Every structure is written in C-alpha cells, then in structure tokens.
1. If I filter segment 409-457 down to residues being in a loop (DSSP other than H, G, I, E, B) and in contact with a helix residue (DSSP H, G or I) (Cβ under 6 Å, 6 or more places away or on another chain), which single residue comes out as farthest from PHE384 (Cα to Cα)?
2. May I ask you to verify whether VAL150 is within 21 Å of LEU269 (Cα to Cα), in contact with a Ser or Thr (Cβ under 9 Å, 6 or more places away or on another chain), surrounded by 15 or more Cβ atoms within 10 Å (Cβ to Cβ) and modelled with pLDDT of 85 or more?
3. From the set of residues in segment 473-508 that are assigned to a strand (DSSP E or B) and among the basic types (Lys, Arg), which is surrounded by the fewest Cβ atoms within 10 Å (Cβ to Cβ)?
4. Could you look through segment 614-644, keep only residues that are hydrophobic (A, V, I, L, M, F, W, C), crowded, with 24+ Cβ neighbours inside 10 Å and within 24 Å of LEU666 (Cβ to Cβ), and pick out the one that is nearest to the chain's Cα centre (by Cα)?
5. What's the total number of residues in segment 401-451 that are out of contact with any Phe, Trp or Tyr (no Cβ under 9 Å at 6 or more places or on another chain), within 30 Å of LYS375 (Cα to Cα) and small (Gly, Ala, Ser)?
6. Restricted to segment 444-471, and to residues that are within 24 Å of the chain's Cα centre (by Cα) and of a type in the set (Gly, Ala, Ser), which residue is nearest to SER731 (Cα to Cα)?
7. Tally the residues that are closer than 19 Å to GLY154 by Cα and either surrounded by 21 or more Cβ atoms within 10 Å (Cβ to Cβ) or free of Cβ contacts under 8 Å to residues at least 12 places away in the same chain (or both), restricting the search to segment 195-209.
8. Yes or no: LYS390 of a type outside the set (S, T, N, Q) and outside any strand (DSSP E or B)?
Amino acid sequence: MSAIVNAQHGLKALLSTNQHITMRKKIVQGAKWCATKLKASWKWYKGLYAGRKWYFKSGVALVSTFIAFLLYLGMVDINFLWLFGKSPGWSTINNPISAQASEIYSADGKLIGKYFNENRTPVAYADVNPVFWNTLIDTEDERFYSHWGVDPIGMFAAAKDAITKGDGRGASTITQQLAKNLFRVRTEYSTGLLGKIPGIRMLIMKTKEWIIATKLEMSYDKNTILSMYANTVDFGSSAYGIKTACKTYFNTTPKDLRAEQAATLVGMLKATTTYNPITHPENSMKRRNTVLANMVRRGHLTQEAFDTLSIKPIKLNFSVETNYDGKANYFREAVADYLKDWCEANGYDLYTSGLKIYTTLDSRMQKYAEEAATKQMRQVQQNFNNHWGKNDPWIDERGRVIPDFIEGIARKQPVYNWLLEKYPNQPDSITYYLNKPHKVKLFDYAKGSIEMNISTMDSIRYMVRFMHCAFVAMEPQTGAVKAWVGDINFDSWKYDKVKAMRQPGSTFKLFVYTEAMNQGLTPCDKRRDEYISMQVYDKKKQEVVTWTPSNANGSFSGDSMPLKAAFAKSINSVAVRLGQEMGIKRIIETAEKMGIKSTLEDAPSLALGSSDVNLLELTNAYCTIANDGMHHDPVLVTRIEDKDGHEVYLGPAATEQAVPYKSAFLVQQLLMGGMREPGGTSQSLWGYVSNFRDTDFGGKTGTSNNHSDAWFMGVTPKLVVGAWVGGEYRSIHFRTGALGQGSRTALPICGYFLQSVLGDPAFKQYHSKFGKPRDADITRDMYLCASYYSHAKNDTTETDSAGGGGLIILDGNGNPIKEITPGDLVPSEPGIDKRKIKPTEQPLNLDEL
C-alpha cells in the first residue's frame, strides 16, 4: 500500500515539475515576442523623423509626449506591473468613506455628546454662509469653477514663480486637496516598486492626486466638491471640517460665520500651526488680512469693508471639544458599551461612522437627577466629614483602622508600577516620590476640579474619603432609561457606580415576597417575628456554622404580623423564614425573570441581600412589578440612523410576563405599604411627594452590614427610581444607622428627583395610580387588613432594614427629631460578611498621581 502511495506522490511531483518547466518556457517566449515587437516599433518610430522638416518633427514629439503622458497616467491608475501602488477605484470615489463623529441625542431632541477619533460633523453646502465659499475660492483656487480638477495655468504660474522669484507656492486645486484629504493618498496608498526611489515617490503621489481629482470632477458637481472639501479639511486644534471649526474657534455655526471669521479659518489652511490664532495670533492676523485682500481683488469684499475688518483684532470664543464634552457622560459611556456588539456585528465604528444615535434619556430629567444627587451628596459628605473628623474612616468589622490601607491602594496605581520599573529593589526611592508634593487635580464640591500641591499618598487619602452615589430612573412600561447618574463627578471618577456590584441589603426582599405571592400567600397572611437559627455552610471557614439573623433593632417582637407589615418594617426574621418556606432556588429563578442578571448564591442569607447586584438591574426588576409583572429589559437607544439618514437600528420593544399579574398587584400593595404602614421604612418619602395626591407611591429601603451600602427603590405606576450611596471601598462607611441607612442617604436623592419631575408640567404623564385589581381572583381581604402596631420597646419605626440604629423619630423631611447616642446602637443584619476591602471600582483614576 505504501509503495502505491509513494508512486502517486512521485507522479504528482513529476507532473508539477513539468508544469513549471512549460510555464517558464511560455514566459520566455512571451518576453522574446514583446522585445521583437518593441524593437520593430522603435524602428518605425525613428523612421518618422528621418528626412522630415523641423516643424513635423516637433509635432511628432509633442504628440508622442502627450500619448506617453496618457500611457503613464493609465499605468499609474491601474498599477501596471505593481510599479506604482494601488489607487482608489471608481466605486471608492463614488462612495468615499471619511471619519465622521457619531452624535448622540436625548429623547427630547437635544445633542448631548459625540463619539469621535476626528471631531468631524458634515454640513450641507446650503447651510454654510456664502461668504465662506467666496473666501475659500478667492484664496485657495480662484479658477475653481473653470478647471476640471487640475489647473494647468496655476501649475505653470507656480513653476514660473518658483524659478523667477524663488516662491514655492502650491498649485494644488481644491479638488486635488480633497483627493489628498479624503483618500489619504500619501499615507494609506503605497507608491509601488518605483516609489522606493526618492524623487519618483512624490511624482507618483502627485499623479494619483491629478487622476483622483479628475475622477471627482466627473462624479460630482462643483458645489458638492466644495462641501466635501470643507467637511474633511483639518483646521487644527482637533477641529475637522467647517462645522466643528466654527464651534471650536468662534462658538458659532457655519450659517452665521462672518467675513473676518471665515478669513481667519481659510488663512489657517496654508499651515494650521503657523497661522493658528491661539498659538500665533500675530501670524494669524496677518494671514487673515491677506485673505481679505484676496476677496477685495476678486470683488467679493469692498475696500471700505476691508479697511474696517483688517484693523479688528481676532475675537475668539475658543473651546476644544473632546469625547467627554456634553451632558450625561456616564450614560453616554453606557450607550457606547450597549452598542459595542451591535456595531461589530453590523460593520459600524461608533467613532468614525457618523451615526445619529437617538436615546431614551430625557435631558430635563437628567438635569433634575444630577441636581438631586449633588444636593443630597453635599449633605451626606458634610455628615461624613463631621462624623469621622480627623480619624481614618477605613475600618474593619470590629471598628479598627485597617493598617496600610492607603499603601495598598497606592500599589494598584499606574504611578507605582512606573516607579517600580524605574527604581527596582529601591523601596526608599519609591516611598520618597510617592510622598513628594506635586500638582494634582482633585475634586471639590464648591469648585469642581481643583489643583493642589500635595503628594500622591495625600491625594489618595483625600479622594477616598468622598462618599459616592448612583441613580437611575426608568419607565416600567418601556424599559426606557430616562435619567442616569453614575457618580458625583465624571472628571474625577470615571467608573460608573450604576454598574457597580454591591450588596442590596433589604431591597432584595422584593424577590422573597414576590415568590411568596407566586406560591399563594397574600399581604394579609401572617408570620411570626421570632428568633430563628439554622445550620449553614460557611465557605470562608469551610465548615458548618450556626446562623442566627437578627432584626435591625436587635430584638424580636414575638408577634404574628401581616406580611405587609413585615415588609414595610423590613423585619429580617420574617424574610429569612419566607426564604426557607419558598425555597432559595425558586427565589433566584424569580429574581432572574424579573431582570437580575448577576449570579446569586443559593444561601439562606440571600433573603437579606447577601449577593452583589448592580443598581440598573435592581431598578429594572422593580419596574417589572410596577408594570403588572411584565418585564422589559433596560432600553438606552431607541433608533440609529447612518450618515445618510437611513434607519439602521430600532430599539427592542418585546416584553414578557415574568410575574403573574396577581402576584405583581399584591407586591405593589406591599411597596405602597412601606409608606403607609406604621413603622414603614419608606415613610420619609412623603416629605418630598405629599403634594402629588394624584399619584401612588411605593418604596423599599436597604442597607448592608456596617452601613457600607445604602439603597432606596421608589415606585410609581409610570416611573421607577433607584439610588445607591456608599464609599468607594466597602470598609469606608458611616458607623451609625442614623446617618448611614438607606432612608437617610439614598432616599432623599429619589425624593428630590420625584419632587422636581412631578412638579414640572412637562411631565404630567407620570402622574398615575395603580388602580383596582383587574383580576377577579384578587379580593380585598387579601391586601386590605388592619395595620400592625408593634410594642413600643420593640418598635423599629423609621429604621432601615439593615440600618444600625435604635429608635429614630423623623420629621416630614426625613430629618431626625430625636438623635441617639453611640451607646444606644446595636449591630445590624449580622451574618452578612461586609469586611471586604475590595473596592467598588477599578484602581483610582487620580490625575497626575
């Protein structure tokens, strides 16, 4: 068998060798034929000159030169024998691709930002003041309307000036410049084998520009060429195109551009650095006046106007636009992440494709959200600073300062790695530079961004003491995100806390009670608030331990109470007992159907919110209840248009019944009970929304162990809001529930927001009530039962579910009337390990550390 195979391989090799020999012979024969024909042609051509008059010979030479030039152009265009490099074909010229910024719009039609590598937004010819077109043509290409892409007169004039005056001025037409800018002839297309010869390379590039310019003139009318040029040219200072240049230098639009402004911009085209009005104002002014003089010479400006404008200083309103300029930065970053897979799947680049992205965000609601967050967080920060004073706030579960905490953060910073590479095995040098003062940009509530002369270590100490927040508002019927606040300041903290994974505390009880309703219980069914103990497996210790969860006030009433009271007062013992009755696995399944995407641990403590989730998915899950059990994933983008105005994306509209209507209705009653039942932890929301009697409100507070995470979820029929407040690191938090619980920190953000939105006549559509049950199977006795009043000594009134505090009496605005002393405090939600020093986010992004 092997002999046969070897014979086959040998035969194939022999045939292959014979084929190569035959091919080689054909090539040699073809070359000989070509040489013979060329020799004969040359002999014939020489014969044309033999015995002829000088004028005949001159004519033959001119015709020969012209034919040779055409042949040369043809060979360059088709890249003959790979000698000249590839050139853009007709299809590319008819469908040019230029990097354009994608624009992102709010639901109310406001431009809130851009995504770009080159900040370029196209503008139509008719949307530019004609004075700019006159200025451009008078200076750059005065015969623009008479040539066909290449200006022979201009070329001869430039050659003459170069010889007689030593003035090497350019002779490129606007169309040639467009060819160079649009197709990057000098950078993106090679010049072939001949291009490796120094002088030949430039000739080939210029030839390609001539060819492309001619093709452009054949494909487009003159005005289109002008607008294409104006939209692609670089005006310096990261301003690409006339629209961006007008905004950058004068804060105006192309339609409102004045003659002297147009002259300044056109003057920069000769050299954007030399004639930049920011860096070289004198050069720019001289160049501007030269351009104005050209307009006078061409009859587009009077001498009187020139005399007036030429002495005026250049008045700028300069502002360089970046990707981070605009509104709702955290939301825009979320949109970019939201569209990443879609762009890859559909061949779009968010930063170059010139898309128009229409989002769900309402710019007015976003403003209210940011104002609410700032107003509340100023107070939270003041409380935090007063609470800790000069003491270090990074403590463990026992209240002890964590040693080397700041040093541990410093070792995660880029500056530390840089010092480690520069000074290997020299810890003293690293310590010296980490503690050496230098200018650092920091955050301040009063001034925003400030610059201080302090060390890297001190800057970390300064920044980690800030408390942080996140806020989201969503429409439950559509999943539309209407407002998104990722933190207190985007410039200082890029990491979006809306997506941060934190323990939800008692806000997770929503899923426990929803599953209880799924399994037939009602808000009026009763469970006893009593001591509970169980054996659980501790993964950290890798052994079975006894878990005895307690209530927020550290005691048990011993009473049998309706579930609506247990939910409103956030009784931990009842939630844990329900978790065991319903089954943790079933609760996890319900949470996932309602919108929780994060991995949840199958453990008894999950009933008290021991697994991390993020604010977006938690708010989305509460939307499912507000929407009568119908679930809709969060929607950030409604539609997208490409650069030509064609719709290429339409936001999802699909919903599914994640929770039965009956269960959703009953849980709505539980949420409203949080504000209506005696001792309800959400009652302080009335201090913000009591004027809106035409709207139903519900809520749920949550606070994780040691007050590391404070939450509030607010629910109305048409709008659901969620807020989180906490330290950047879990070990940085308040020591008391009076200051750190959800009803004291997170709830006011939602309160201020709802107060502003519902008080705005533009948002009347959000005033609504849940209404009566649509299902005949739901009877009044299921949810309308007598309120439960606890014994005074065990009252948990106005305490958060996991807040560490005793009795706190609040006024209508949620402020404590009676303050408590540290001696009155008791532990909160034991059994949930929050000693983790793990940060919410990636390493600190401190400028110039």
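The values are calculated or read from the model by the stated rules, or taken from the named source; none is laboratory data. Owing to the predicted nature of the structure, the values given are computational and were not obtained by experimental measurement. All Cβ positions, glycine included, derive from the backbone under ideal geometry; neighbour counts span all protein chains shown.
1. Restricting to residues being in a loop (DSSP other than H, G, I, E, B) and in contact with a helix residue (DSSP H, G or I) (Cβ under 6 Å, 6 or more places away or on another chain), the top hit is TYR423.
2. yes
3. The selected residue is ARG502.
4. Residue satisfying both the conditions and the ranking: LEU618.
5. So the answer is 2.
6. Ranking the candidates gives ALA470 first.
7. Count: 5.
8. yes
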